[in-house]
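Following: one structure in structure tokens, then a few remarks.
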Amino acid sequence: MKGIVFNIFADLVTDNFGMEVWDSLIQETSPASGAVYTSGEVYPDGELIAYVTALSGITGAAPADLVRTFGTYTMHKFYKLHPEFMAEHTAKSFLQSVHDVVHVEVKKLHPDTLLPEFAYESTGDKQLTMLYCSPRKLCHLAEGLIVGTGEIFDEQIDLVHAECMHQGAAQCRLELDFA
Amino acid sequence: MPSACIRGPLNVVWSSTLPSAVPLASDADRVAMMERALARERQAREQAEHLLETKSRELYLVNEDLKLKNSQIEKRNAEIERTNHALMTTQAQLVQSEKMASVGQLAAGVAHEINNPIGYITSNLGTLQSYTSVMNELIAGYRQYAEGVRAGNADESLYLKLQEIQDREDIDFMQQDVVELVADSLSGSVRVKDIVQGLKSFSRVDGAECIESDLHAGIESTLKVLANELKYSCEVKLEFGKLPLVTCNLARINQVFMNLLVNASQSFEAPGIITVSTRSDDAWVYVTVSDTGCGIPEDKIGSIFDPFFTTKPVGSGTGLGLSISFGIIEEHGGTLTVASEQGAGSQFTIKLPIQQT
């Protein structure tokens, strides 16, 4: 996983719980990287999972909720860094552009990045089904990103996670309804 | 702020509120924590700088590689351009040599065609010259005899001498023969004149002018030029339909006729028949040259319009005739097609638009 993901996670933790919590996560998990992250470098996925588990222990929140929160926070960060990707879009059309536009741009900067696969089914004007597939099974992060998208575009998005890789499905089925 | 409602197998309800921060032990702990954070930041910065240096180096190397490749591409482009230029020059030379081959063919045919009438015209003039001297002698003798008759003393011995000359030289035959000799010489001269006229239509091969032309006249003058070449190998049948005047460069079209006719004449193992037929519809004219020759093998028919393709022995055909013909017809917006059956003969069809657009 790219260093930028860890840096955003560190920002999330310090913004919400203070530097003390971030420091105690590092103390508790003793990551091989020493928690020294640079955006462009790649670090083990396990370090992030360990942080989430430890944070769940400290805060009492379920790991899935924490990952989802992280997704929402990340989307706001992304918007701050690259508002151009959202210009002239609705929440739906932006989400549809993730696979063919946003991920393509990410690949240009970081060719060695492992990105999830997204497929789309548009069943109506206000409906969109996103099929998520990744060996990391970070579908809750995807949920959070969708929630963040709704917040940025100021649109209500109802999300039904109809099938999930964590429950043995080959891919996660995220059915979105744009009110 | 709108919120998303998440439902599904995990059955969790979204909430952005998290439990409050963990309390801290002491100021000393706080300072130690800050120092750790600072150390991490410093290391992260060093890593980032290192990464930047690595990427810059990579970029530099990629750039150098690109420059090298670029110069190689430029070099290769220049080479291609040179080769292309050389090819174009060679092609122009070959087209010229094909033209010269046509001219050579034409010259040989024309030399024979002109030589023949000139031969008998010359011989006729020689005979006429000797007839003239006999006739002049007779006219002078008869004048002298007539003057004697007018003066009242006719010279009978002169008369007998003149009679003797008349008998000896067969003056009756001579009088008849003069008429024939003059008629033959005249028709020979007309033939020479026609051939020269026909040649004129070949002489402007390079002119790009398209004018309304009579294709039948073109075919006939081409046949006249080729008469010598064709007369021993085949019989030529003309089946002319009604043709309008066609806007074309007749000199170039004649070159095509000549090519097709020469090819047809060379297709015979035994004397055969070449049929030239013409017809037209609203927008097109069709000229078909068919022969009863050996035909084209199936595996070769696809190549006959390719430059340098020839079945003739080395040195006897340039292999450009049909490809140039094809080009000429294409330039006119028409098509040149072939149908052939091995052992039965070939049929080339020229389709030309009546008007050039």
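The values are calculated or read from the model by the stated rules, or taken from the named source; none is laboratory data. Everything numeric here is computed off the predicted structure, so don't read it as measured data. Positions of Cβ are backbone-derived with ideal geometry, glycine not excepted, and every protein chain shown enters the neighbour counts.
Can B:K237 be described as in the same structural domain as B:R279 (by TED's automatic domain parsing), of a type outside the set (G, A, S), surrounded by fewer than 18 Cβ atoms within 10 Å (Cβ to Cβ) and touching a Lys or Arg at 6+ places or on another chain (Cβ under 9 Å)? Working first, answer last.
Numbers: in the same structural domain as B:R279 (by TED's automatic domain parsing): yes; of a type outside the set (G, A, S): yes; surrounded by fewer than 18 Cβ atoms within 10 Å (Cβ to Cβ): yes; touching a Lys or Arg at 6+ places or on another chain (Cβ under 9 Å): no.
Judged against the criteria, B:K237 is not a match.
The set of residues in segment A:170-179 being more than 9 Å from every other protein chain (Cβ to nearest Cβ) and assigned to a loop (DSSP other than H, G, I, E, B) consists of A:A170, A:Q171.
Conditions tested, residue by residue: (1) assigned to a loop (DSSP other than H, G, I, E, B); (2) of a type in the set (D, E, K, R).
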residue: B:K242; (1), (2): yes, yes
residue: B:L260; (1), (2): no, no
residue: B:C294; (1), (2): yes, no
residue: B:L336; (1), (2): no, no
residue: B:A339; (1), (2): no, no
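Residues that are more than 13 Å from every other protein chain (Cβ to nearest Cβ) and either more than 20 Å from A:E151 (Cα to Cα) or in contact with a Lys or Arg (Cβ under 8 Å, 6 or more places away or on another chain) (or both) do not occur anywhere in segment A:75-83.
Limited to segment A:56-73, what total is found for residues that are facing chain B (nearest Cβ under 9 Å) and assigned to a helix (DSSP H, G or I)?
In the first step, residues of segment A:56-73 are kept if they are facing chain B (nearest Cβ under 9 Å); the result is A:58-62, A:64-66, A:68-69, A:72.
Now drop any that are not assigned to a helix (DSSP H, G or I), which leaves A:58-59, A:64-66, A:68-69, A:72.
Residues flagged as facing chain B (nearest Cβ under 9 Å) and assigned to a helix (DSSP H, G or I) within segment A:56-73 amount to 8.
Taking segment A:133-160 as the range and being outside any helix (DSSP H, G or I), closer than 21 Å to A:H76 by Cβ and within 12 Å of chain B (Cβ to nearest Cβ) as the test, the residues that pass are A:D154, A:E155, A:Q156, A:I157, A:D158, A:L159. Residues in segment B:299-357 that are modelled with pLDDT of 75 or more, among the aliphatic types (A, V, I, L, M) and farther than 25 Å from B:L243 by Cα: B:I301, B:I304, B:A344. Only one of the numbered conditions (1) surrounded by fewer than 17 Cβ atoms within 10 Å (Cβ to Cβ); (2) in contact with a helix residue (DSSP H, G or I) (Cβ under 7 Å, 6 or more places away or on another chain) is not met by A:M86, and that is (1).
If you go through segment B:247-265 and keep only what is of a type in the set (G, A, S) and within 17 Å of B:E330 (Cβ to Cβ), you end up with just B:A251.
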